[in-house]
Structures are given as structure tokens and as C-alpha cells.
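The values are calculated or read from the model by the stated rules, or taken from the named source; none is laboratory data. Note that the structure is predicted; figures quoted are calculated from it, not measured. Every residue, glycine among them, receives a Cβ derived from its backbone with ideal geometry; neighbour counts consider all protein chains shown. Calculation scope for accessible area: heavy atoms of the full protein, side chains included, ligands and nucleic acids excluded. Shrake-Rupley method; radii C 1.70, N 1.55, O 1.52, S 1.80 Å.
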Amino acid sequence: MSKVMVVTSGKGGVGKTTSSASLGAALAQAGQNVVLVDFDVGLRNLDLVMGAERRVVFDLVNVVQGDAKLPQALIRDKRVETLYLLPASQTRDKDALTEEGVGRVIAELRERFDWIVCDSPAGIEKGAQLAMRFADIAVVVTNPEVSSVRDSDRIIGMLDSKTLRAETGERLEKHLLLTRYDAARATKGEMMKVEDILEILAIPLLGIVAESPDVLTASNVGSPVTLHNPASAAARSYTDAARRLMGESVAINTPAEKRGLMSRLFGRKAAAA
Amino acid sequence: MAVETLAAPHVTLRGRTFMALVVAPEFPMAEWFSAFDQQMHGAGGFFIDRPIVADLGATLEEGGPDAVFIVLEGLEARQLRLIGVEGVDPVLLAGTRWERLPKTLHGRVQTLETWADLHAAPHDEPSPEPVAAPGVSSLLIDRPVRSGQSIVFEDGDVTIIGAVASGAEVIAGGSIHIYGALRGRAIAGLRAGDSARIFCRKLEAELVGVDRLYRTAEHWGEALHGRSVQVMCDRGALRLSAFD
């Protein structure tokens, strides 16, 4: 059965697009049929992160408005053949999307794909609401900062009230993905602790992705980190998160614990030298 | 200057239907407004976007019609969302830019004749309310109240199983019971008045209020932070005490 998954956060710059691309790619690498849908109309980025910016002809707005057929707008990834992208329009604004139109496109995508990953725009306005509207699963991307946590809380409240599932009384699965987790700052106590964030947001943890240059490098070359550098810690975090989404039980590593061990080792070396 | 502000009259706010607040300016006005500005400043965003009803009865009585306009201008200059006026004859505001403000909130007709009657009645007494439906006098919410959500239950107590997030608010006619952390705002006693209380398992609130009194987090400091606390009215002041 197909699943519609919204990747959302409220706050901008926390890693929604990167996480959408990486989770989507990881799911596709595991053999699932995946489409990434960019809902950030007017500020599209997902095509860049996926390295498909020079292949965009038609976009989500064209399909929603009936100017193009869905197969015309879908871009197939060159690296993973079960991964597709439905780009956003850069020249339109979010008012170009209608609930009825988005619902129609999502229903059509459900027939073809196992996973429909909706990359939400920042904010709580129409664009973000349409991105979450038809979701079965929500991945709430949060940085370990108070502002991000509060915005995520706000978004969780909206997921519980403004989605179709919430309105019909069905359960909407919500997962927390902690990104840009800085192990060095965490050990110094400069960042919110994982347990405090979990206590405040009260939703299950899907994974913790450490702040890492690998992620930025991958984004800049137009490739999700799970494809560009599968051995990196960030890629492994996303791959594990994708496996958890598929129902596998995989233990969650807090980067701080690992880094703590590393620094202890380095500390000893330094002392010995 | 400092002495003057200390001696400034405390501006009391009376809870109203939903979240409208009633402000009743008093003479001397300069002092009242300076005290009000201090409160606005100290209460962070409490007044932002909050509907305000101005009770201008005292203003009209002591200062006459001219004072009414000066006070309205003063309130407007503070960017308050004035949604209504009380205690003045609608005729007085006719032809001014405040003409369209409702003067008959709660169905009370505020003409000069009824104004006299109203004034005679004890001001603080809640107007007789329709009898609440029997059996339903409390509201139970068995999930967290998220940031941006507002729970308003005028008819009685509110019980929440879960946390009240930063940026969320709970407003109750009676008491508020929170089996979790209170990180947002809780305002109790909209109807029950000073007998209402707020209970929470973990106090990390932005603001608590009972009846007409409120306190922001900076008033209670670190000692109570994170503890299990009750908030109550005690001889005209808000008192917070820890259970453990």
C-alpha cells in the first residue's frame, strides 16, 4: 500500500529538503518505488539537491492545473531507477495550488508509487498546509535549538488538526528527525539534549543526523548524501531512518555517545604524547 | 522616578468572554498610563493581538466627555486592539472614529439610563449567567496542547494530561489542572474568580493568571522552575507554591 509522507518543520533552514532527498533516496535504494514531490512553489530547491535542475520541463503547478500530464512532469533519477522527482514551479506562488488539484495528483501518484515524499515549504501557511493535507506519515525535522523545537511543536499541532486523517479521526503517524545535531556542542551542554526535545515534542524518534560537511558537499553536487557518500555517518543515519520507516527495528545511535568515545580516545592519545 | 513608578496604581485586568480584557483607566491618567505601559512592557506579548474593551465609566464620570476621547487616543497610540467600549453613552461617540466600536457587549444596553443602574450594582459581580448544562462542567484533554493552540473553556475546570507547550494557552472559567509540564500560558478563574487555582506538575510557564492577576516567568525566578506548583490568589496577590 502506498504511503504519503510529509517532511515538515515550520522553521526554515533545518534540513527539510536535504532530509526529503536523503530519506527518499534511501527508500529507493532499498527497492521501494519513491517519488519526491517539491511543494515549495516559488522557492524550489529539491531539483538542485537531486541534481535534476537542468531536466525540469513541467512541474507540480502544471499538473495540478491540468496543463501537463503527470508522466510528463515526473523526472526519473539517473542513479536509482525507482526514484522520481516531481519538481515545484519557481515562477509561480503557492496560491497556484488548490486542495482539490493537489488531492487529484496525490491520488494519481498513489497508484504508481510505494512512497510519496512531500517536501514541505517552511512556515505554517497554505503551502505547508497543502503539503501535509493528504499525509499518512509525517516526519518532523527539528534542530536541537529552542526556536526549532517550538516551531515543530506548532507543526505537530497542525498535523493533529489540519490533515485529512486528523479530520476523519484516523491516526497520523508522526516521527521526529533530529538534524544538524552537533556532538561537540552537545557534550559541552550548549545544545538542547535529545531527551529534553523528546519530552517537549512527545513523538517517537526516527533518527538523529549529525551536523556534517558530507551533507553540505552532497547537496552542492546535486546528490543526496545516501548516494554520494553512503559510508558517511549522515548517510548511515538516513539509511537507518528509512529502514525504520519501512517497519524494521534498528537501534538509534546518539552521535554524542560515539563522539564522546572518540574524544576520550583522542584525549588519551594527547595525554600519552 | 523609581519611587513614583512603585507608587503607581496597579492596573487590574478583568477576564472576559474569550480573551478580551477589560481595562478601566482611572484618574490621575498620567500615572495610570505610565503604570499601564510598565505592565505592557513587563508582560511581553500578552497584549499583542488581545482584544481589549475599554471601561470608560470612571473616565466619563470624573473627566467628562473630553477625557473620554483623550483616553481612547491614548489607548490607540499603544497599538491595542480596541474592540469595544463600556460605560459611555453611544451618543457621545457618534460622529467620531470610535463610533463603530460595539458599546453593547454581553447584550447590556449602555444608554445613560441603564448606565446608572449598572453603576449601582457591584461592579465585580458576574452578571447572571444562563445555567450551565448539568453534568458538563469540566473539560478533559488527554493529549499535549501544542504551541499555537488555544484551549478556552469558560464553563468550568480544564484538566490536561500532557504538557502545555511554549506558545500555547489554556484559559478556563474555573481551575486548571495540568498533569505534565506547563510551558505556555494558563489563565484560570474567568468565571470562578479568585477561588480558582492552577496546578501543574512542572512549572516552566511563560505566564500564569488567576482572576484578574497575572505573573510572567521573570517574577518567580529559578527557585520554582521545573517544580510541581500550584498558583492561587492570596489576599489580592498571586501566590505560587511548590508541592514538593
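Any residue that is touching a residue at least 40 places away in the same chain (Cβ under 8 Å) and outside any helix (DSSP H, G or I) - is there at least one of those in the stretch A:102-113? The answer is yes, given that some residue of the stretch A:102-113 is touching a residue at least 40 places away in the same chain (Cβ under 8 Å) and outside any helix (DSSP H, G or I).
All told, residue A:178 meets the bar of being in contact with a helix residue (DSSP H, G or I) (Cβ under 9 Å, 6 or more places away or on another chain) and buried (at least 23 other Cβ atoms within 10 Å of the Cβ).
Quick one: would you say residue A:243 is open to solvent by 80 Å² or more (accessible area, probe 1.4 Å), at pLDDT below 90 and in a helix (DSSP H, G or I)?
Values: open to solvent by 80 Å² or more (accessible area, probe 1.4 Å): yes; at pLDDT below 90: no; in a helix (DSSP H, G or I): yes.
Criteria not met by residue A:243.
Suppose we keep only residues that are β-branched (Val, Ile, Thr) and out of contact with any strand residue (DSSP E or B) (no Cβ under 8 Å at 6 or more places or on another chain) within the stretch A:56-79. Which one would you say is most open to solvent (accessible area, probe 1.4 Å)? That would be A:57. For the stretch A:114-127, filtering for residues that are assigned to a loop (DSSP other than H, G, I, E, B), touching a Ser or Thr at 6+ places or on another chain (Cβ under 9 Å) and of a type in the set (Gly, Ala, Ser) leaves 2.
Here's the yes/no breakdown for (1) modelled with pLDDT under 90; (2) touching a Leu at 6+ places or on another chain (Cβ under 9 Å):
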residue	(1), (2)
B:198	no, yes
B:212	yes, yes
B:225	no, yes
B:229	no, yes
B:239	no, no
B:242	no, yes
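Scanning the stretch B:155-181 for residues that are more than 12 Å from chain A (Cβ to nearest Cβ) and of a type in the set (A, V, I, L, M) yields B:158, B:160, B:170, B:171, B:172, B:176, B:178.
Could you grab me the full set of residues in the stretch A:120-164 that are within 26 Å of residue A:254 (Cα to Cα) and among the charged types (D, E, K, R)? Within the stretch A:120-164, A:145, A:150, A:151, A:153, A:154 meet the criteria.
Considering A:217, A:179, A:226, the condition of being within 17 Å of the chain's Cα centre (by Cα), more than 14 Å from chain B (Cβ to nearest Cβ) and assigned to a helix (DSSP H, G or I) is satisfied by A:226 alone.
Do we find that residue A:160 is of a type in the set (D, E, K, R), open to solvent by less than 10 Å² (accessible area, probe 1.4 Å) and within 11 Å of chain B (Cβ to nearest Cβ) in this structure? Give the derivation first.
Details: of a type in the set (D, E, K, R): yes; open to solvent by less than 10 Å² (accessible area, probe 1.4 Å): no; within 11 Å of chain B (Cβ to nearest Cβ): yes.
Spelling it out, it is not the case that residue A:160 is of a type in the set (D, E, K, R), open to solvent by less than 10 Å² (accessible area, probe 1.4 Å) and within 11 Å of chain B (Cβ to nearest Cβ).
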